[in-house]
Amino acid sequence: MNKNYVTVDGNEACALVAHRLAEVCAIYPITPSSSMGELADEWSARGMKNIWGTVPTVIEMQSEGGAAGAVHGALQSGALTTTFTASQGLLLMIPNMYKIAGELTSTVFHVTARTIATHALSIFGDHSDVMTVRPTGWAMLASANVQEAHDQALIATAATLESRIPFVHFFDGFRTSHEVQKLLQLEDDDLRALIDDNLLFAHRARALSPNHPVIRGTAQNPDVFFQAREACNPYYAACPDIVQKVMDRFAKQVGRSYKLFEYHGAPDAERVIVVMGSGADTVQETVEYLNAKGEKVGLLKVRLYRPFSAAHFIGALPKSVKSLAVLDRTKEPGATGEPLYTDVVCALAEAQANDANAVRPRVVGGRYGLSSKEFTPTMVKAVFDNLSEKSPKQHFTVGIEDDVSRTSLSYDKELSIEPDDVFRARFYGLGADGTVGANKNSIKIIGDETPLFAQGYFVYDSKKSGAITVSHLRFGPREIRSSYLIKSPKFIACHQPGFLDKYDMLSDAQPGATFLLNTAIPPEKVWESFPKEVQSDILKKKIKVYCIDAYSVAADTGMGGRINTIMQTCFFAISGVLPREEAIEAIKKTIKKTYEKKGEKIVQMNYAAVDSTLAKLHEVPVPGSVTATYQRPPVVSDKAPDFVKNVLAKIIEGSGDDLPVSAFPPDGTFPLSTSIWEKRAIALEVPIWDKEWCIQCNKCVMVCPHAAIRSKVVAGDQVNGKRPAEFQTVPYGGTDLPGENLLYTLQVAPEDCTGCGLCTDVCPAKNKREPKNKAINLTPLPDVRERERTNWEYFLSLPSVPREEIRLNTVKGAQLLEPLFEFSGACSGCGETPYIKLLTQLYGDRMLLANATGCSSIYGANLPTTPYSVNAEGHGPAWANSLFEDNAEFGLGFRVTLDKQTEFARELVWKLRLEIGGMVDELLGAPQNTEREINEQRMRVVELREKLRTIKKPEARQLETLADKLVKHAVWIVGGDGWAYDIGYGGLDHVLSMGRNINILVLDTGVYSNTGGQCSKATPLGAVAKFAYSGKPVPRKDLAMMAINYGNVYVAQVAFGANDLQTLRAIQEAENYEGASLVIAYSHCIAHGIDMGQGLGQHKKVVDSAAWPLFRYDPRRVDLGEVPFQLDSKPPKTRVRDWAYSETRFKMLTHSNPAEAEQLMAHAEADVKKRWELYQQMAGVSTKNNPAAEGAAK
Amino acid sequence: MKLSTSYLGLTLKHPVMSSASPLAQNLPGVKRLEDAGASAIVLPSLFEEQIEQEALSLHLAMEQGSESFGEALSYFPEPDRFLVGPDEYLNLVAQCKQSCDVPIIASLNGRAPGSWAHHAKLIEQAGADALELNIYYLATDFTITGADVENNYIEILKAVKSEVKIPVALKLSPYFSAFASMAKRCDEAGADGLVLFNRFYQPDLDIEELEVKPHVELSTSSDIRLPLRWLAILHGNLKCGLAATSGVHTHEDAIKLLMAGADVVMMCSALYQWGIHRLARLVDEIEVWMQDHGYESLEVLRGSMSQRSVADPAAFERANYMKSLQSFRALA
């Protein structure tokens, strides 16, 4: 086998070249490009050199805008510089891109083409981002697959150096960036052969230098700007030929040939598709299939999209062409057509105008594949079929059903063109069970150890807990061009038995396929456990069924919940892809390679798992007929609203592709209270109340990240005859609520709980007979599911204590409030969601919430459902996400509107005072500081509306639409530290400075959690994060102190696991402060490498060490003569290392670089000490300098 | 005054060493102990099981959440090397050997006889002058007999001795039914030294929190009594050397243990309680005491109060207990 083969994904393929051709990389993480920057950083940290023998410098910036600025600067000072980005990131680079191109500067930006957020955000792939940079003057080179992403990274770099035109080298996000393929790797010598050092030297010679100074970036006037702008034209004119020349040199060097526009298909084709990106491979595969059937069809693959060389384009088209379908993976509403289409039309029109003999095909444009929508051979065929029509559909869509505008082409869903010698396998796993990792290993084994080609593509869940993964693997004797999901698999594996009741896995299986199931059920009983649909598919398709109890093998061999190695062994044992012995040897070799550095024990554990597996793998006897007595249960309850049943349920069951356009709102607006219908039942264990020991503190309710455990206090006579026999209550232990014979109850939502265990961890009440138990204990879900589901439904039917009766200044009281954020898809044990839930409990019924992009926007609003919900009156948090970078400004906009419209409403009330009558004074003057007062104002507004109906004045009509603004609204601006400390800091700072009544909650995990743990300015000193490979060398930015510096901003730093009451107070003080407030909330996170069930302990540890002091700065206290800064935590009880080394993010450095770890920890401890002393001074300084305060203190 | 002594075949300038403790967990700590006058330094134990557990925890924590969510396929960068397993410990041994003049004695707690021997070999290769086997074993399994426990000790010792050439000491617990016999078996199985005794940290109960809490209690001078008795009984009856540890706080404590038969005394709690400079002071005080009492060398003093040498050998035996109890009652 050729030693140059490697099996990598598209991002790594590209970065493998880009890193070796850079002196500087300035980056910022964004999906799906993040891993390119991360790999470049890791490689540089390990000392890997570029082709000139020096290690590239990789820097992480605060935003893509910042990265583009740094790239521009690095280029202007002469470094060969690159960056990696996508989507909104690319948009933020546009201003610099115009400059870089205007200055004819050589560089390549490697872009994983991703959808731009419009009616919704999407992390997936299409060309809407790259199409926005068409006018910047950059060359645009498209790669269609993993090999091309590797090769064209070099071609782009060589071409930019020669042409001086900067290049965007792009490939499809996820479909190519995350597809694992076997490819031929370019050697350093290949790179050197293509890169002319003299061009690099020329690039350096053009750089700014005081030794030969120039100025660049002048301002020009109407007299000359135009002419000067036109001066670059020759460079653009020359660029296409330069690129082709480089491609030809490349072909000569490595044997792979590329063209600017590359034609594949019948030489006498009459129908041709023009397309670029990964869709081109699918078209090529289909064209070959159709050509073999005698159809005269072809493909024109676009590689160099800008500068668009009409001559090369026309030259590449077969003269026989009669009709062209130009496919765009983007949408440009209101345009005459999408960009590639209009370019093609223009190129042909110009050619036809100048040459009577030019080809004159009919051209139709179409859209496909938005946001990684599947694009399959059957869709390609539909496009060709459309071209055969007498009047082909123009500006069509393919891949969806557009029943609104009737743009879509219909297609045959059954067409499969893949040859029989391609092995297709599909695996359903849980994120946590290691399925994807195992499959990536399998691809590497086959790719690296055999002559077979291999391809892997992985579909991930948008949930972060209980997430399902579906792996699509192909192995075959030829290069694999199928850039779409697998249909008719020969092998299907279900790694979680519960999935059989939720997903259809077998209906498209190839006849005679093999099905592998992980189940604890013995082989002879497995058949009986299948629902009717599964049994029927097995019989119809003659599927062979195997089973293994992988979790018992994992438990016996110390693997815990990771069944990856076991299921991988089963796959090789029964799939026949490789001879069994050879496969097992290869698995063991991979295990050694993967885990050796992590310790011999881990290697041995995995070996033991492999060795134990085969004995427990059994074939399941399949009888001749369906014997099942049950069918798959419905996805959602029949009680769900129609929209949930008809739309969201389809998405939940994995049939979202089948929903037509009419199913969706045209503006991205969705209803609340939809997560309640999912009932995922993902917990292995759920908390069960032991009322005998409960002290009714409600701490468990406070900490539950998923609002899955709740308490109520109800009058005894309200617990009525419908009460389930096992529903538990105890006499209420407080005297703070009105009424007699009150009962307290605590109830889990068994199918919504994720089983994290934070509730049992926080419970302070121990069972005195058996102190290992508490007043709430984790119990296996199957044992209690039915019972607790009934109890939960009954619990929901009980009335809540009226808000105005509750003492909100205690945790116990506040936790009787109904949460309007429930059952999110956040990580099990999430450290952020308890804060958001608390906000919704306190203010959810009158709150506008601006949410920065990140974890909180994903678990807050990723379809199918949202955890934000409404109360019985239909009130709830009004939530929106604008962007990552502008969230503070976005939220400020809410406040400005509220203030303006409240002012206008008050003006209208005053204008209509005579008609409205006696309630005007109260409407305009009544205080709204308590829940009772706010409720009274709501009642007044209801009364006002009644009156307005009788008033026949235009002002009354105006006021009807604004009257709600007379009730106090809360504006909360929520986001993570990546937003607040980095990309959104400028806006956040400005918003804080304005003194408007907004509240900012920073969910501070100390890293970019959503994109996988990249370093932010909140990352603590000494912690390892991506882009802080050797530990963060500088302390976390003290955002609180920066805000305090304004003097008129309320600032608090909180950690609910260390002091829940301080958290509650801080949020309440922030809300009732009539100015800007900032609450910085310690949020434990999976990216810290901790046991998430014990996350609260980490809060205590970090506060005890003073690395996260708790404090509140309240400007109002100055007027009262009090010290504005209150230090709420005690002096350090422990060392910083006592906290830090209980978290993997710090501990791992002691294993990878102990000396550096020690040095950084010493600095961290010194820094914490210094800061603590400063906070202590601040907590006392006013009493020394402020006589009034001294007096008050006395 | 000749204070020098020999232990495990190593010549020491005086008999006061530091015993295995976190004070020696890194090179600066070891250097501080050397500067404070320790004649030899026992490093804290390499706990194989703990290392394995740490490596496993690190692995699991790094894998947690990975390959699960499309935007975050991992949460940590992947270092190209990890110092897991014994590497860190072996580096410490090597660094100490390079930087210190006093003998460095490594300490080991393994998992199974084979792995004890494997790690012993690695420690030898790293340059340790000797090895102390810290067989920390509590027989809480109801099916394990005293004989099983004893045989296990001997098996481990033999496995290690067959693998390494450096001297090997055995740190023993006092909880053997027949300690003298056990000591003899160890001696015959090739132990170069016995260290009396391992102190097990006894758990405590927190009656407020209803929790079992590990309770670390520093030794006091009264803790020398147990090793003192057995040193006195063993001295002269075994080929191997004898080390005393537990309760050495004052020069009187040290002198008593040396008189009972110890070749060396090891300090730990006193260094925590009084600071590591206690060690040098203790050596000075031993020297002064010996001068004041006319001892010319340690050799004269060592074992002079062992069972073989005292006028009343039975005083070290069981009768002594009865006697002291009676006298206690009489006083009451």
Quiz item: When the residues of the range A:691-743 are filtered to those that are over 30 Å from A:TYR859 (Cβ atoms) and among the hydroxyl-bearing types (Ser, Thr, Tyr), which remaining residue is surrounded by the fewest Cβ atoms within 10 Å (Cβ to Cβ)?
Solution: A:THR735
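Residue-wise test of (1) within 14 Å of another protein chain (Cβ to nearest Cβ); (2) farther than 30 Å from A:GLY365 by Cα.
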{"site": "A:SER410", "(1), (2)": "no, no"}
{"site": "A:GLU418", "(1), (2)": "no, no"}
{"site": "A:VAL422", "(1), (2)": "no, yes"}
{"site": "A:ARG426", "(1), (2)": "no, yes"}
{"site": "A:ALA432", "(1), (2)": "yes, yes"}
{"site": "A:THR435", "(1), (2)": "yes, yes"}
{"site": "A:ASN441", "(1), (2)": "yes, yes"}
{"site": "A:ILE445", "(1), (2)": "no, yes"}
Self-check item: Filter result (surrounded by fewer than 24 Cβ atoms within 10 Å (Cβ to Cβ) and farther than 26 Å from B:TYR295 by Cα) within the range B:35-55
Solution: B:ASP35, B:PRO44, B:SER45, B:PHE47, B:GLU48, B:GLU49, B:GLN50, B:ILE51, B:GLU52, B:GLN53, B:GLU54, B:ALA55
Exercise. Could you tell me whether A:ALA425 is buried (at least 19 other Cβ atoms within 10 Å of the Cβ), free of Cβ contacts under 8 Å to residues at least 40 places away in the same chain and either at positive phi or small (Gly, Ala, Ser) (or both)?
Key: no
Exercise. Give the residues of the range A:846-875 that are in contact with an Asp or Glu (Cβ under 7 Å, 6 or more places away or on another chain) and buried (at least 20 other Cβ atoms within 10 Å of the Cβ), sorted by residue number.
Key: A:CYS855, A:SER856, A:THR865, A:PRO867, A:SER869
Quiz item: Can you name the residue in the range A:1-31 that is part of a loop (DSSP other than H, G, I, E, B) and closer than 13 Å to A:PHE174 by Cα and, of all such residues, is farthest from the other protein chains (Cβ to nearest Cβ)?
Solution: A:ILE30
Quiz item: Any idea which of (1) within 23 Å of the chain's Cα centre (by Cα); (2) surrounded by fewer than 21 Cβ atoms within 10 Å (Cβ to Cβ) is the one A:ALA980 doesn't satisfy?
Solution: (2)
Quiz item: Which helices (runs of 4 or more DSSP H) sit wholly inside the range A:820-916 and have at least 1 residues that are closer than 25 Å to A:CYS1085 by Cβ and not hydroxyl-bearing (Ser, Thr, Tyr)?
Solution: A:833-843, A:855-861, A:887-911
Quiz item: Only one residue in A:ALA335, A:ALA325, A:ALA351, A:ALA292 is within 30 Å of A:SER177 (Cβ to Cβ), among the hydrophobic types (A, V, I, L, M, F, W, C), outside the structural domain of A:TYR236 (by TED's automatic domain parsing) and surrounded by fewer than 22 Cβ atoms within 10 Å (Cβ to Cβ). Which one?
Solution: A:ALA335
Quiz item: Is it fair to say B:PHE82 is facing chain A (nearest Cβ under 7 Å), touching a Leu at 6+ places or on another chain (Cβ under 9 Å) and within 25 Å of A:THR1005 (Cβ to Cβ)?
Solution: yes
Quiz item: Name the residues in the range B:128-146 that are surrounded by 13 or more Cβ atoms within 10 Å (Cβ to Cβ) and within 30 Å of B:ALA94 (Cα to Cα), would you?
Solution: B:ALA128, B:ASP129, B:ALA130, B:LEU131, B:GLU132, B:LEU133, B:ASN134, B:ILE135, B:TYR137
Quiz item: Going through the range A:32-53 one residue at a time, which ones are of a type outside the set (Lys, Arg), facing another protein chain (nearest Cβ under 8 Å) and either surrounded by fewer than 24 Cβ atoms within 10 Å (Cβ to Cβ) or over 17 Å from the mean Cα position of the chain (by Cα) (or both)?
Solution: A:ASP41, A:GLU42, A:ALA45
Exercise. Kindly list, by first and then second residue, each pair from a residue in the range B:172-197 that is of a type in the set (D, E, K, R) to a residue that is loosely packed, with under 15 Cβ neighbours inside 10 Å, limited to pairs with Cβ atoms under 9 Å and residues at least 6 apart or on different chains.
Key: B:LYS184/B:ASN237; B:ASP187/B:ASN237; B:ASP187/B:LYS239; B:GLU188/B:LYS239; B:ASP192/B:GLY9; B:ASP192/B:LYS239
Quiz item: Out of (1) touching a strand residue (DSSP E or B) at 6+ places or on another chain (Cβ under 6 Å); (2) over 27 Å from A:LYS296 (Cβ atoms), the odd one out for A:ARG406 is which?
Solution: (1)
Practice problem: Scan the range B:244-264 and report the pairs whose first residue is free of Cβ contacts under 8 Å to residues at least 60 places away in the same chain and whose second residue is acidic (Asp, Glu) and assigned to a loop (DSSP other than H, G, I, E, B), with Cβ atoms within less than 8 Å and a gap of 6+ or a chain change. | Solution: none
Exercise. Taking A:ASN720 as the residue in question, decide whether it is over 28 Å from A:GLU936 (Cα atoms) and either at pLDDT 95 or above or of a type in the set (D, E, K, R) (or both).
Key: no
Quiz item: Residues that are under 17 Å from A:LEU516 (Cα atoms): which helices (runs of 4 or more DSSP H) entirely in the range A:530-607 hold 2 or more of them?
Solution: A:532-541, A:550-556, A:564-575
Practice problem: Provide a single number: the residues in the range A:323-366 that are part of a loop (DSSP other than H, G, I, E, B), of a type in the set (S, T, N, Q) and either in contact (Cβ under 8 Å) with a residue 40 or more places away in the chain or within 19 Å of A:SER388 (Cα to Cα) (or both). | Solution: 1
Practice problem: Please tell me if B:VAL149 is modelled with pLDDT of 95 or more, surrounded by 12 or more Cβ atoms within 10 Å (Cβ to Cβ) and away from chain A (no Cβ under 14 Å). | Solution: no
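Here's the yes/no breakdown for (1) farther than 19 Å from B:TYR136 by Cβ; (2) modelled with pLDDT under 95; (3) not basic (Lys, Arg):
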{"site": "B:PRO167", "(1), (2), (3)": "yes, no, yes"}
{"site": "B:MET182", "(1), (2), (3)": "no, no, yes"}
{"site": "B:ALA191", "(1), (2), (3)": "no, no, yes"}
{"site": "B:GLU208", "(1), (2), (3)": "yes, yes, yes"}
{"site": "B:LEU226", "(1), (2), (3)": "no, yes, yes"}
{"site": "B:LEU231", "(1), (2), (3)": "yes, no, yes"}
{"site": "B:ASN237", "(1), (2), (3)": "yes, no, yes"}
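The values are calculated or read from the model by the stated rules, or taken from the named source; none is laboratory data. Bear in mind that the values here come from a model prediction, so they are computed numbers and not experimental data. Backbone-built Cβ (ideal geometry, glycine too); neighbour counts: all protein chains shown.
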